[in-house]
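The values are calculated or read from the model by the stated rules, or taken from the named source; none is laboratory data. Source: prediction; values computed, not measured. So basically every Cβ, Gly included, is an ideal-geometry build from the backbone, and we count neighbours across all protein chains shown.
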Amino acid sequence: MAIRQERRDPSFLQASPRTVLSPETAVSGKLTFDLPVKIDSRFTGEVKASELLVVGPNAEVEAKISARDLQIEGNLVGTVRVSGWIEILPGGHFRGEIEAGRLRVYPGGLFEGKGNLSLP
């Protein structure tokens, strides 16, 4: 009789994004993710995310972003293309151009720029 070991997946696979860049870091370059991810640092460059991307409350991001869904809790300047939702939460600031399926700006959030909500 064989004993099967239970596999326990990391908690970030269940719902919440994994923080990959914490507030103490500053990074520039190109990042690609296949998991929900949270950037909570200074970042300059390009991000491609096939799942949810969260710009955390400590984030200062200047980037070209492509993602399925995007939540903005910190500061983001750039060009964004999202097939699903973009949510700008209270305290979140976005400046630039957005192409998205849907956009929601909560009270206390700020959107400055151009928006095109024609993506399917």
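Looking only at region 56-74, filter to residues that are over 14 Å from THR25 (Cβ atoms) and of a type in the set (A, V, I, L, M); which one of those is surrounded by the fewest Cβ atoms within 10 Å (Cβ to Cβ)?
Initially, region 56-74 is screened for residues over 14 Å from THR25 (Cβ atoms), giving 57, 62-73.
Checking the rest, the ones that are also of a type in the set (A, V, I, L, M) come to 63, 65, 67, 70, 72.
Values: ALA63: 22, ILE65: 24, ALA67: 25, LEU70: 26, ILE72: 27.
If we take residues in region 56-74 being over 14 Å from THR25 (Cβ atoms) and of a type in the set (A, V, I, L, M), then ALA63 is surrounded by the fewest Cβ atoms within 10 Å (Cβ to Cβ).
Take THR19 and decide whether it is surrounded by fewer than 17 Cβ atoms within 10 Å (Cβ to Cβ), at negative phi and modelled with pLDDT of 95 or more.
Working: surrounded by fewer than 17 Cβ atoms within 10 Å (Cβ to Cβ): yes; at negative phi: yes; modelled with pLDDT of 95 or more: no.
No; evaluated as a whole, the condition is false for this residue.
Here are some residues: SER118, SER83. Which one is modelled with pLDDT under 95, hydroxyl-bearing (Ser, Thr, Tyr) and in contact with a Lys or Arg (Cβ under 8 Å, 6 or more places away or on another chain)?
Result of the check over SER118, SER83: SER83.
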